[in-house]
1. Checking K576 against (1) surrounded by 20 or more Cβ atoms within 10 Å (Cβ to Cβ); (2) farther than 26 Å from F477 by Cα, which test does it fail?
2. Every residue in segment 338-351 that is part of a loop (DSSP other than H, G, I, E, B) and open to solvent by 20 Å² or more (accessible area, probe 1.4 Å), please.
3. Condition first: of a type outside the set (A, V, I, L, M), within 16 Å of I476 (Cα to Cα) and either part of a loop (DSSP other than H, G, I, E, B) or without any contact (Cβ under 8 Å) to a residue 24 or more places away in the chain (or both). Now tell me which residues in segment 633-652 satisfy that.
4. Restricting to segment 11-53, give me the number of residues that are in a loop (DSSP other than H, G, I, E, B) and not hydrophobic (A, V, I, L, M, F, W, C).
5. When only residues in segment 602-619 that are open to solvent by 20 Å² or more (accessible area, probe 1.4 Å) and touching an Asp or Glu at 6+ places or on another chain (Cβ under 6 Å) count, which is farthest from K693 (Cα to Cα)?
6. Tell me which residues, restricted to segment 582-605, are in contact (Cβ under 8 Å) with a residue 12 or more places away in the chain and among the β-branched types (V, I, T).
7. Go through segment 29-46 and count every residue that is open to solvent by less than 40 Å² (accessible area, probe 1.4 Å) and either of a type in the set (A, V, I, L, M) or within 43 Å of the chain's Cα centre (by Cα) (or both).
8. Scan (1) in a helix (DSSP H, G or I); (2) in contact (Cβ under 8 Å) with a residue 60 or more places away in the chain; (3) closer than 30 Å to I756 by Cβ for the single condition G404 breaks and write down its number.
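The values are calculated or read from the model by the stated rules, or taken from the named source; none is laboratory data. In this text, all values refer to a predicted model and were calculated from it rather than measured experimentally. Don't worry about glycine lacking a Cβ; one is built from the backbone with ideal geometry, like all the others, and counts go over all protein chains shown. For accessibility, only protein heavy atoms count, side chains too; no ligands or nucleic acids. Shrake-Rupley method; radii C 1.70, N 1.55, O 1.52, S 1.80 Å.
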Amino acid sequence: MKKVVSLRLAEGSVEKGFSNIVVKLYEGEKLLEEEVGSLPPNRELVNSYQRWQWLYEDFIAHRGSFLDEFDGKSIDSLPRVLEFAQDSIERGNQESATELTAYLIEILNKWLSSLEFQTIDQALRTNINTNEEVVLIIQTDDDILRKLPWHEWNFFNKYTKAEFALSLPKFSLKVKQKSLTRKKVRVLAIVGDCTNINPEADLSTLRNNKDVELEIIFQPSRKQICDYLRDKRGWDILFYAGHSKSHAERGWISINEKTKLEISELNSALAVAIENNLQLAIFNSCQGLGLVPQLEELGIPQIIVMREQVQNQVAQDFLAEFISSFSSGKSFYCAMREARGRLKDIEDKYYCASWLPVVCQHWSIKPPTWKDLCDPLLSSPSNLLFCQGTVILSGFLVAIVVIGLRSFGILQSLELKAFDWLMKMRLNEGVDSRLLIVEATEKDINSLGYPIADAKLAEAIERVKQHQPSTIGLLIFRDRPVEPGHQELLKIVQKNDSLIALCSIKLADDPNKPGFSPPPKVPENRLGFSNIELDTDGILRRHLVFMNPDLNSPCATRFSFSFQLASHYLKSKGIKPEERDSDSIKIGETIIERLHPDSGAYHQLDNRGFQLLLNYRASENIAPTISFADVLKNKLNPKLVKGRIVIIGIVAPVSNPTDYFSTPYSKGVLPQMSGVNIQVHMTSQILSAVLDKRPLLWTWHKIGEGLWIVIWAFAGSGIVITCSSKRSHYISIYTSVSIFILCLTCFVLLLQGGWIPLIPPIVSLATSTISGYFVLKHWRRS
């Protein structure tokens, strides 16, 4: 919250000193500190300022340069003053000007560092942090004090977000303003006498701001000005460009070549404009301090004037920087400070340019933001809260609709595609060294024939067995003999306790899946079914672990081939599975929970048997591979076999095309993954979860997912509220960044096994942002 310092110097003068200075420090409406002090007389400060003023006037009289010749074709250095003062004092050169400027700043800081003022200085520095925004309101009617370069006080060097303003001790606000709703900042620009002035740069600054609704009147009559000021739609900013002049506490503006006006001649019309929400008056013209007392008497909230004669380029640069900073979302005072800093940059050409602009206001005035000018209705706390509440409510309603759509499965397809996309984003995990694939490729089929003879299978099993594998999985159906060698194969399969044979359970609801029998007389504890469950889009994302077969099924086992391989391997390490209940099993320290019909993005999933999500190993080659032919030729490295699970199967897309499946890694129809690799992924998932603590995929409860969707809907509403004072493209930027953060969050959690909603939050975020934007837009128009 911005802090306000009221520095009241009501009685006294610079020449006589100030015996009773009161400073009050506020944060909002809370009084934090109050101190009193004084300042001694300082005649030298008055003399130094007068010498500086004479020198500055000489600078202006020489068209902005002490030494260079004036180029009559340029009007950038001409002042916006009615006439030049004449005096006979001898002027100095550039060097003396620099010395005098430095001397005046030095005297000012010495005066403000005097012992009598230390209590006030210490109170300010104790209660204000250097990174806080603070405005110092100097309440005085002393002419010299109002003209001094207060921004050169070393206090402002340390407090980089501090700015000062002037206020009369008797400044009072008389008018209660109406609340008017406007879409844009309404600016009335009065262009007066333009002799030697080019107002086009000022007007372009206002005209090119898309938030400004600009009305320009050129060299108007008094009646025309009054008629425009009385416009019932009201004005936010009154802008004047032209010639002006002050003397003592009186000031004039030249509205055309023949007419000069005092502010008092516009009092009645200005009072109406102020009542209709006029917030700011900018007189971008010379010697504006004489205009201020009458404007303050009327009660105009904020006034910006130039204290001395001002050159065209200085006035133009100030307005351009101030409007740019203010309209970008900077506070009024920060915009003033930045504009003053811009003038500081050109002081090598335009002498003491940063000394000229000054804000005049009542000390208690809270200046509007650019958003307040665009949306005066929203600047009211009650209206703002009501509007923000409506935006938040719209976000909540969006979330409810998205949750409802999701509950009917309307978003399932998109969510599954998003899941696939995240799965493919994972980094390579490398091979699982506990497994070995013996694959019969098309090349092997061409030489051995298809189906492969039982004798060749028996020979391959024997060659693998001699190198002491932990488990052998024969992933080839042998429900009927393939001579020669059938009896030999049966003998090996029936007597090899480390071999798991394959079968397929008959599905009663699918006549195209009658099932396949295992080799005869293989005990049930060494049988595993090959059945898998595809999603409705034909992609394999689930791992079927257990399923109870029908009584007439040719495959009597209830365990999957992958589970049998994994459990046999784990049993050799002393780890046995335990069934906890119908929805979970425990293997070692790992608990595996069953997938439910509405887990994650699924809607009314056919969750027959015991299923879990298949957490594919992110690896191009999941396990070491050797060809079937190489095994028969005894080209088998014993180190690749000993203690491992060896899976023997057919990987031949031409000879065995039905054993290929789409996965999250597939692109279109091809390339698909072979059934052998599918079983290896499933086996690896169980082994890795138990032995490596690699996470299984899990989902949140529906309540948690619903809250997640609501949170991101509120985030969309928050973006609209946050950006309501900024340009609309910020909403797109913030929304894009939020979606990126959401995707990153979902990806990071997926690496930990968490499949949390991605598409529903994106939909709720984007939709709540759009709905909130239109709610706000409608509110502004209503």
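1. Failed condition: (1).
2. Let us first name the residues in segment 338-351 that are part of a loop (DSSP other than H, G, I, E, B), namely 345-351.
Passing the criteria: D345, I346, E347, D348, K349.
3. Answer for segment 633-652, where residues must be of a type outside the set (A, V, I, L, M), within 16 Å of I476 (Cα to Cα) and either part of a loop (DSSP other than H, G, I, E, B) or without any contact (Cβ under 8 Å) to a residue 24 or more places away in the chain (or both): there is none.
4. Taking segment 11-53 and keeping what is in a loop (DSSP other than H, G, I, E, B), we get 11-12, 14-16, 28-29, 40-42.
Now restrict to residues that are not hydrophobic (A, V, I, L, M, F, W, C): 11-12, 15-16, 28-29, 40-42.
Counting residues in segment 11-53 that are in a loop (DSSP other than H, G, I, E, B) and not hydrophobic (A, V, I, L, M, F, W, C) gives 9.
5. S619
6. Matches in segment 582-605: I585, I587, T590, I592.
7. So the first thing to find is which residues in segment 29-46 are open to solvent by less than 40 Å² (accessible area, probe 1.4 Å), and the list is 37-40, 42, 45-46.
Okay, now just the ones that are also either of a type in the set (A, V, I, L, M) or within 43 Å of the chain's Cα centre (by Cα) (or both), so 39, 45-46.
Residues flagged as open to solvent by less than 40 Å² (accessible area, probe 1.4 Å) and either of a type in the set (A, V, I, L, M) or within 43 Å of the chain's Cα centre (by Cα) (or both) within segment 29-46 amount to 3.
8. It fails just one condition, (2).
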